[in-house]
Amino acid sequence: MTGLGAVLRPQLAPERLRAVARVADETGLEELWLWEDCFREGGISSAAAVLAWTERVRVGVGLLPVPLRNVALTAMEAATLHRMFPGRALLGVGHGVQDWMGQVGARVESPLTLLREHLLALRALLRGERVTVEGRYVRLDDVGLDWPPEQGAEVFAGATGPRSLRLAGEAADGTVLTANTPPDGVRRARRLVDEGREAGGRGDDGHRVVVYLLAATGSDARERVRAELVAEGVGDVPGLGVAGDAEAVADAVRRLAEAGADTVVLQPTGDEPDPEGFVRFAAERVRPLVEAQA
């Protein structure tokens, strides 16, 4: 069955997160995702707060930019969340927006090499291994976590280009795709991920593909979605975004699921006027229709 979630975009002030998180928990939404966009909320701090405010909803961070983070720190923070909230934390890592990485002096010559080294070391640390590695960017000398997760800790990778998607299949447990990915793009991504899994000898260990879907409802929904797609430079790409009632949104979710998405995360526009209402709409009106289509 297709998983359904929603994202709390960082355009929402941090003090607003608690109310929206409570709605997600109360309405039975499966997953609530957060972003660590420069220079807004921190991903780990926001996730920890949302997890503490709620009882059952799974909370994802998609994604943490690896140029900003030493892999040991990523592992420590991830393990802490997994120990405190077993089975509820979902963490993804990725290249980060290169212009932002340049602004903070963290841009690297080979983002793909950094992501590969980070993923391999991070997953090993979360498995409880002691790690020594002397990579181009990641260097660890006999590092191990005192408190590794007691249960499995999946690591997702954000990816768009062919090499990054193959790397996600090879070195991550799941892939996060942006809202600029139409159904045909999901099919292409799934093929490339599977190529990476085969190259990495991953076998049948499973790999979840999560894709964001820009969505809006209400009288001005079409205008808001169109304006955001144009601002992103993808206004002429067919199959992106959905504006309308719950049936229209559920149909768009179904198309992504048929293309290979395991979880679809509804992404409100940056100017969404009612974040609590958007989450309630996803959980109470869209979710039953998605389940009925399964």
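The values are calculated or read from the model by the stated rules, or taken from the named source; none is laboratory data. Note that the structure is predicted; figures quoted are calculated from it, not measured. A quick note on method: Cβ atoms are made from the backbone with ideal geometry, for glycine too, and the neighbour counts reach across all protein chains shown.
List of remarks:
- Any pair with Cβ under 8 angstrom, 6 or more apart, that starts in segment 105-127 at a residue that is within 19 Å of Asp173 (Cβ to Cβ) and among the small types (Gly, Ala, Ser) and ends at one that is assigned to a helix (DSSP H, G or I) and at pLDDT 95 or above: Ala121/Val71; Ala121/Ala75
- Options Val279, Val210, Val237, Val286: the member that is outside any helix (DSSP H, G or I), modelled with pLDDT of 95 or more and surrounded by 21 or more Cβ atoms within 10 Å (Cβ to Cβ): Val210
- Single residue of Ala48, Ala75, Ala52, Ala24 found to be small (Gly, Ala, Ser), more than 23 Å from Gly135 (Cβ to Cβ) and in contact with a Leu (Cβ under 6 Å, 6 or more places away or on another chain): Ala24
- Cβ-Cβ under 8 Å pairs, at least 6 apart or on other chains, segment 248-271 side within 18 Å of Ala283 (Cβ to Cβ), far side among the hydroxyl-bearing types (Ser, Thr, Tyr) and in a helix (DSSP H, G or I): none
- Checked against (1) among the charged types (D, E, K, R); (2) assigned to a helix (DSSP H, G or I); (3) farther than 30 Å from Ala21 by Cα, Arg136 passes all but a single condition, namely (2).
- Residue within segment 48-63 that is of a type in the set (A, V, I, L, M, F, W, C), under 18 Å from the mean Cα position of the chain (by Cα) and over 15 Å from His82 (Cα atoms) present: yes
- From the options Ala168, Ala172, residue that is within 19 Å of Val131 (Cα to Cα) and within 17 Å of the chain's Cα centre (by Cα): Ala172
- Residues satisfying the stated conditions in segment 77-119, i.e. surrounded by fewer than 19 Cβ atoms within 10 Å (Cβ to Cβ) and in a helix (DSSP H, G or I): Thr80, Arg83, Met84, Gln98, Asp99, Trp100, Gly102, Gln103, Leu112, Thr113
- Unmet criterion (only one of (1) in a helix (DSSP H, G or I); (2) over 23 Å from Val131 (Cα atoms)) for Leu32: (1)
- Qualifying position, being at pLDDT 95 or above and at positive phi, among Gly28, Gly43: Gly28
- Segment 1-19 residues that are within 16 Å of Leu91 (Cα to Cα), paired with ones that are of a type in the set (Gly, Ala, Ser) and surrounded by 18 or more Cβ atoms within 10 Å (Cβ to Cβ) (beta carbon under 6 Å, 6 or more apart): Ala6/Ala282
- A residue that is surrounded by fewer than 22 Cβ atoms within 10 Å (Cβ to Cβ) and at positive phi occurs nowhere in segment 219-231.
- Scanning segment 144-170 for residues that are of a type in the set (A, V, I, L, M, F, W, C) and either touching a His at 6+ places or on another chain (Cβ under 7 Å) or within 22 Å of Trp33 (Cα to Cα) (or both) yields Ala153, Val155, Phe156, Ala157, Ala159, Leu165, Ala168.
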